[in-house]
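Values in this text are rule-based calculations from the coordinates and carry no lab data. Model, not experiment: these values are computed from the prediction. Backbone-built Cβ (ideal geometry, glycine too); neighbour counts: all protein chains shown.
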Amino acid sequence: MDFLTVTLQLLEGFVTTLELFGLTLLFSLPLGLIIAFGAMSKFKPLKAVVKTFVWIIRGTPLMLQVIAVYYGPALLFEGIGMLPRFIAVMVAFVINYACYFSEIFRGGIEAIPKGQSEAGRVLGLNKFQIFSKIILLQVIKRIVAPMSNEIITLVKDTSLARVIVVTEILKVAQDFTAKGLIWPLFYTAIYYLIFVGVLTILFGFIEKKLSFYKE
Amino acid sequence: MAFLEVRNIHKQFGDLVVLKGIDFDLERGEVLSIIGSSGNGKTTLLRCINFLEIASVGTIALDGEEIFSADKKYTDKELTKIQHDIGLVFQSFNLFPQYTALQNVTLALDVKAENELKEQKIGYFQRKKLMKDIKKENIEYAKSILDKVGLIDKIDYYPCQLSGGQQQRVAIARALSLKPKILCFDEPTSALDPELTGEVLRVIKELKSPEIAMIIVTHEMKFAKEVSDKVIFMADGLIEEMGTTEQIFEKSQNPKTLAFLGNFAE
Ligand SMILES: Nc1ncnc2c1ncn2[C@@H]1O[C@H](COP(=O)(O)OP(=O)(O)OP(=O)(O)O)[C@@H](O)[C@H]1O
Ligand SMILES: [Mg+2]
């Protein structure tokens with residue numbers, strides 16, 4: 001097996017990795033915001049349900065959640081088929097990451113001084129306008145660092161998809177190992193490092209963009 | 001009927017009764033100072049007048065119209081509307097850090113204009129087009145207010161680039177943007193270094209005009225004496241004594257008032 005073939009096959013696996021990464025982000029960010037609002041709700045029962053849910057998701061391994069989403073429905077209910085593997089992984093990832101993001105959002109929103117929304121209220125802004133025009137950017141500025149941490153973790157967590165045989169990059173490398181080829185496994189690190197490097201530069205750029213003001 | 005009529009305002013937080021029935025009148029052009037020791041409910045009263053707190057009992061009428069009654073329920077939208085007529089300057093400024101001085105002042109103007117266009121059911125693109133011109137007008141108007149508070153050369157500065165006194169003057173300009181009928185100040189200089197209070201107090205004094213009524217909670221007795229037409233001395237959630245500036249500061253016989261003012265005698 002020559003270098004080029006391995007590189008291309010790993011790249012194919014890495015495309016799956018990137019798809020999982022991108023789609024997870026796309027859905028878990030808005031879902032996380034909704035969960036954050038649920039956790040801050042003044043309606044006690046809703047708050048309790050949301051907080052319990054977040055506790056369960058953050059309190060159990062992501063690998064277990066992937067397995068549960070894939071096999072769970074078929075085991076619990078007769079006659080229900082299994083989700084396609086990729087969809088199952090994605091659902092588990094979206095839920096898991098939405099919960100982690102929600103806690104970062106909640107922390108960020110609650111850290112904004114109350115005086116900010118009060119100033120908005122006495123100026124006749126409604127709740128939606130206060131959030132979108134006053135609070136949101138301040139929250140984003142506060143959470144860039146913890147979010148970049150979490151998002152970089154997500155890049156590497158995608159490798160858990162192989163537990164239900166989704167062929168992301170690490171699975172491809174593992175299959176090489178089974179055929180007696182060890183080095184591709186270590187070669188995957190390059191892919192991760194390059195991608196995380198790009199993300200780091202991107203977050204640095206966002207942070208710099210938001211440094212035009214101080215609190 | 002007086003311009004502003006505050007009647008029987010009560011407010012409690014849980015079991016803690018903070019306001020126990022506040023009544024007063026204020027005419028257009030008048031300045032009212034509210035003095036009293038800490039924890040007496042002065043801030044709470046201002047917050048009730050600005051609807052940041054909802055009074056448990058009482059009514060408020062402005063310009064011959066009842067704008068608030070504790071017996072009624074108000075939607076957010078209704079509260080937002082009446083908030084346009086009453087401004088508040090906070091002790092801690094609460095400027096929006098991501099906006100320049102100018103943007104802090106234009107924000108409410110732009111939002112208000114956009115709300116009005118929405119209410120006239122003007123479509124999205126048409127609205128964006130109209131807003132372009134309105135925003136330009138708003139910038140010119142905001143500049144004129146910032147000029148009034150002596151900050152025309154600082155309009156593009158962010159709050160973090162301004163001194164405390166300058167920040168509070170931007171906050172005053174922001175509160176003036178919607179042309180409120182009543183402007184309230186909650187200890188506007190108590191977060192400032194002593195050498196910066198003068199510039200803020202001077203600006204407030206200059207705002208006094210026949211168009212606007214002002215309510216100022218303050219511990220600056222000298223300033224209160226100079227600027228006020230009326231003074232309320234609050235004690236224990238009630239108005240202990242109310243009168244003209246002269247009546248309170250020169251002729252009061254009330255032992256509580258005298259004891260309080262005694263603390264400030266040099
Ligand atoms: N949101 C709240 N919840 C519970 N208690 C409150 C709340 N806001 C104010 N209080 C209480 O109400 C009382 C009056 O507070 P307020 O801030 O109105 O006093 P103040 O006269 O403005 O005092 P200061 O001169 O120190 O500013 C205090 O005992 C305070 O603890
Ligand atoms: Mg106070």
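Descriptive notes on the structure:
- On the basis of the beta-carbon distance and an R0 of 56 Å, A:LYS179 and B:ASP147 show a calculated FRET efficiency of 0.10.
- Candidate cross-link partners of B:LYS132 among the lysines, defined by an alpha-carbon separation under 23 Å and a same-chain spacing of 8 or more, comprise A:LYS133, B:LYS112, B:LYS118, B:LYS121, B:LYS143, B:LYS179.
- Charge dipole magnitude, Cβ of K and R +1, D and E -1 - the stretch A:3-209, Cα centre, debye nearest 20: 880
- Taking Lys and Arg as +1 and Asp and Glu as -1, the other residues whose beta-carbon sits under 12 Å from that of A:ASP175 total +1.
- Residue of A:VAL15, A:VAL91, A:VAL122 that the Gaussian network model of chain A assigns the largest fluctuation, springs spanning Cα pairs under 10 Å: A:VAL122
- Candidates A:ILE143, A:ILE135, A:ILE201, ranked by Gaussian network fluctuation over chain A, Cα under 10 Å, top entry: A:ILE201
- Shape class of chain A from the alpha-carbon gyration tensor: oblate, with a/c at 1.5 or above and b/c at least as large as a/b.
- Shown for chain B are the DSSP H helices of 20 Å or more along their axis, judged by Cα atoms, with a mean Kyte-Doolittle hydropathy of at least 0.0: B:194-207.
- Average beta-carbon neighbours from other chains, 10 Å sphere, peptide A:123-136: 5
- Rounded to the nearest 20 debye, dipole of the stretch B:4-262 from Cβ charges on Lys, Arg, Asp, Glu: 880
- Spin-label pair B:GLN126/A:THR60, simplified geometry with 7 Å Cα→Cβ offset, distance in nm: 5.4
- When B:GLU220, B:GLU240 are sorted by how many other C-beta atoms sit within 10 angstrom of their C-beta, beginning with the fewest, the order is B:GLU240, B:GLU220.
- Calculated FRET efficiency, A:ILE87 to B:SER190, Cβ-Cβ distance, R0 = 45 Å: about 0.15 to the nearest 0.05.
- Unit charges on C-beta of K, R, D, E only; dipole of the protein assembly as shown, Debye: 1220
- Residue list for the stretch B:38-81, given a label point 7 angstrom along the Cα-to-Cβ vector of A:SER132 and an amide N cut-off under 19 Å: B:76-78, B:80-81
- Anisotropy class of the stretch B:1-105 from Cα gyration tensor, a/c 1.5 cut: rounded
- Averaged over B:90-103, number of beta-carbon atoms from partner chains that fall within 10 Å: 4
- Dipole of the protein assembly as shown computed with +1 at Lys/Arg Cβ and -1 at Asp/Glu Cβ about the Cα centre; of A:VAL66, B:PRO210, B:TYR157, farthest Cα towards the positive end is A:VAL66.
- Extension gain (nm, one decimal) between B:GLU226 and B:LYS77, 0.36 nm per residue minus Cα-Cα: 49.8 nm
- Helix A:136-157 axis, angle to chain A major axis (alpha carbon atoms, nearest 10°): 20
- Structure remark: mean-square fluctuation, Gaussian network model of chain B, C-alpha springs under 10 Å; the largest value among B:CYS48, B:CYS160, B:CYS184 belongs to B:CYS160.
- Residue pairs, from the table B:LYS154/B:LYS225; A:LYS44/A:LYS114; A:LYS44/A:LYS214, whose Cα atoms sit over 24 Å apart: B:LYS154/B:LYS225; A:LYS44/A:LYS214
- Between 0 and 90°, nearest 10: helix A:62-76 axis offset from chain A longest Cα axis: 80
- Cα gyration tensor shape for chain B, rounded if a/c is under 1.5, else prolate or oblate: oblate
- Placing pseudo-labels 7 Å out from each Cα toward the beta carbon at B:THR244 and A:GLU215 gives an inter-label distance of 4.9 nm.
- Exposed-site-free run, longest, chain B (rule: trypsin sites (Lys or Arg not before Pro); DSSP loop; at most 14 other C-beta within 10 Å): B:122-250
- The stretch A:143-157-the stretch A:22-71 distance, computed between alpha-carbon centres (Å): 17
- Given chain A, longest segment not containing exposed loop trypsin sites (Lys or Arg not before Pro) (DSSP; at most 14 other Cβ within 10 Å): A:43-178
- Charge dipole (chain A, unit charges on Cβ, about Cα centre) - positive-most of A:VAL165, A:LEU136, A:TYR187: A:LEU136
- For the protein assembly as shown: span of alpha carbons on each principal axis (Å, largest first): 101, 52, 51
- A simple spin-label model places pseudo-atoms 7 Å from Cα toward Cβ; at A:ILE80 and B:ASN263 they are separated by 6.6 nm.
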